[in-house]
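The values are calculated or read from the model by the stated rules, or taken from the named source; none is laboratory data. Every value quoted in this text rests on a predicted model; they were computed, and no experiment measured them. In this analysis, Cβ positions are derived from the backbone assuming ideal geometry, glycine residues included, and neighbour counts consider all displayed protein chains.
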Amino acid sequence: MGVLFFLTLMLAGIMLAHPANAMTAKDYQKKYMGKNDKVISAMRLAYWDGAANSFATFDEWFEATEHKKLYCLPQNVIINAKLLETLSDSHLQILIDRGEPLEGWRMPDLALISLIEAFPCKK
């Protein structure tokens, strides 16, 4: 099975396993960004926890099949809700600051791109 096929399945799995993960960047911005009350914080944590579980499964598949990884975490770093939230929120804020349109972006896409940029694999 090809890596691209598995990547497609993994992203679909993220969206199906935790429906909130299919949230668009624009919806995420409106619902969560800049809001710090306890309910919103708990919702954000649940959102990113579901995504973290999916990315952990993705990592295990790459390890088991010895396919080329898209990102390479240092040994002391694990994918968790806080890491994904921090990386994705930073990436989203860059898009907002640049005035780029958020249409077409989904939060799992931003999370994956953020992981690739933050933890590139050595060639």
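Some notes on this structure:
- Only a single item in (1) modelled with pLDDT under 85; (2) more than 13 Å from the chain's Cα centre (by Cα) is not met by H18, and it is number (2).
- So K35, is it at pLDDT 80 or above and either among the charged types (D, E, K, R) or over 13 Å from the mean Cα position of the chain (by Cα) (or both): no
- Residue in the range 80-93 that is in a loop (DSSP other than H, G, I, E, B) and more than 14 Å from Q29 (Cα to Cα) present: yes
- Of everything in the range 69-123 that is among the β-branched types (V, I, T) and buried (at least 16 other Cβ atoms within 10 Å of the Cβ), the residue that is farthest from F55 (Cα to Cα) is I113.
- The range 56-108, residues that are among the aliphatic types (A, V, I, L, M) and under 12 Å from the mean Cα position of the chain (by Cα): A56, I79, A81, L83, L84, L87, L92, M107
- Listed conditions (1) assigned to a helix (DSSP H, G or I); (2) of a type in the set (D, E, K, R); (3) modelled with pLDDT of 85 or more are all met by E100, apart from (1).
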